[in-house]
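Written below as structure tokens is the structure these notes are about.
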Amino acid sequence: ILDGGTGTDIQRRGVKMDSEVWCAEANLTHPDVVRAVHEDYIKAGADVITANTYASSPLMFHARGRTDLIEVDTAAMREARAAADAAGRPVAVAGSISVMRPHKAGTDRFDAEIVYDETQMRALYRQKAENLKACGADLIVLEMMRDSKFSVWATDAAMDTGLPVWVGIAVERNAKGGLSGVNHPEEELGALVKTLTARKPDACLVM
């Protein structure tokens, strides 16, 4: 049994969301709330809790000029690990990795005009994945994967850690009535699944 939306629950509890990196800031400003969310999911029966590291996307932090991704993730893992270790039963901690990027103002679509250097971003994804492992993640969940570019960089970094990896693909209806990656109508689900599971992760999830 997995937990629910960690970031949205933190927001629901009244923590002010940062305008640039959503719920990531809460790891530093409200660690008590972050831990309480994990504890409540455990009380509800979750066997896997997800560290609040979704919004600390290398793509987002790089675009915003932030260099504290590792600090933010370390704080998130500390709270998740503490909640799991105090559960009194086996509870796994999943480190979350996303391809979250800045949106165009006034829309829910990503800003396609921001350019990312592949070599640089792959290095940042590797740093994030290795830090999640070093901080005690039992597995890595790739959340809201949606394309055959950024999502591949994230998947490769996760797989290189040697931890179990679950690839979660986020889909929406396209103009043809089929399913494709969110914000990426050209990325049809069938082809996307083949691309993101080519390195044989432990599970493929549909979000």
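The values are calculated or read from the model by the stated rules, or taken from the named source; none is laboratory data. Values in this document were obtained by computation on a predicted structure and should not be read as measured data. Cβ coordinates were reconstructed from backbone atoms using ideal geometry, including for glycine residues, and neighbour counts include every protein chain displayed. With ligands, DNA and RNA removed, areas are computed over all heavy atoms of the protein, side chains included. Shrake-Rupley method; radii C 1.70, N 1.55, O 1.52, S 1.80 Å.
Tell me whether the stretch 88-96 contains one or more residues that are assigned to a strand (DSSP E or B) and more than 30 Å from Asp202 (Cβ to Cβ).
No, because not a single residue in the stretch 88-96 is assigned to a strand (DSSP E or B) and more than 30 Å from Asp202 (Cβ to Cβ).
State which residue is most open to solvent (accessible area, probe 1.4 Å) when the search covers only the stretch 106-124 and only residues that are free of Cβ contacts under 8 Å to residues at least 24 places away in the same chain and among the polar types (S, T, N, Q).
Thr119
Within the stretch 48-80, track down each residue that is part of a loop (DSSP other than H, G, I, E, B) and open to solvent by 10 Å² or more (accessible area, probe 1.4 Å).
The answer is Tyr54, Arg64, Gly65, Arg66, Thr67, Asp68.
Right, Ala26: of a type in the set (A, V, I, L, M) and without any contact (Cβ under 8 Å) to a residue 40 or more places away in the chain or not?
Against the criterion (of a type in the set (A, V, I, L, M) and without any contact (Cβ under 8 Å) to a residue 40 or more places away in the chain), Ala26 qualifies.
Kindly check whether there is at least one residue in the stretch 88-97 that is over 19 Å from the mean Cα position of the chain (by Cα), touching a residue at least 40 places away in the same chain (Cβ under 8 Å) and surrounded by fewer than 20 Cβ atoms within 10 Å (Cβ to Cβ).
Scanning the stretch 88-97, I find at least one residue that is over 19 Å from the mean Cα position of the chain (by Cα), touching a residue at least 40 places away in the same chain (Cβ under 8 Å) and surrounded by fewer than 20 Cβ atoms within 10 Å (Cβ to Cβ), so the answer is yes.
Could you tell me whether the stretch 187-196 includes any residue that is over 24 Å from Ala51 (Cα atoms), surrounded by fewer than 21 Cβ atoms within 10 Å (Cβ to Cβ) and either within 12 Å of the chain's Cα centre (by Cα) or charged (D, E, K, R) (or both)?
Yes, the stretch 187-196 has at least one match.
Kindly evaluate Lys200 against the criterion of being at pLDDT below 95 and more than 15 Å from the chain's Cα centre (by Cα).
No.
Would you list the strands (runs of 3 or more DSSP E) that sit entirely within the stretch 125-207 and hold 2 or more residues that are in contact (Cβ under 8 Å) with a residue 12 or more places away in the chain, within 28 Å of Asp47 (Cβ to Cβ) and not aromatic (Phe, Trp, Tyr)?
Ranges flagged: 139-145, 165-169, 203-206.
Among the listed residues Ala83, Ala134, which satisfies the condition of being modelled with pLDDT of 95 or more and either open to solvent by 10 Å² or more (accessible area, probe 1.4 Å) or among the charged types (D, E, K, R) (or both)?
Result of the check over Ala83, Ala134: Ala134.
Is the stretch 98-108 home to any residue that is assigned to a strand (DSSP E or B), over 18 Å from Ala158 (Cβ atoms) and under 16 Å from the mean Cα position of the chain (by Cα)?
no
Can you name the residue in the stretch 16-39 that is charged (D, E, K, R) and buried (at least 16 other Cβ atoms within 10 Å of the Cβ) and is also nearest to Asp156 (Cα to Cα) among such residues?
Glu25
Report, by residue number, each residue of the stretch 5-15 that is more than 16 Å from Ala84 (Cβ to Cβ) and open to solvent by less than 60 Å² (accessible area, probe 1.4 Å).
Gly5, Gly7, Asp9, Ile10, Val15
Provide a single number: the residues in the stretch 9-47 that are among the hydroxyl-bearing types (Ser, Thr, Tyr), more than 26 Å from Gly88 (Cα to Cα) and not in a loop (DSSP other than H, G, I, E, B).
The number of residues fulfilling the criteria is 1.
Farther than 21 Å from Val48 by Cα, of a type in the set (A, V, I, L, M), in contact with a Lys or Arg (Cβ under 7 Å, 6 or more places away or on another chain) and open to solvent by 10 Å² or more (accessible area, probe 1.4 Å): which single residue out of Val182, Val152 fits that description?
The conditions single out Val182.
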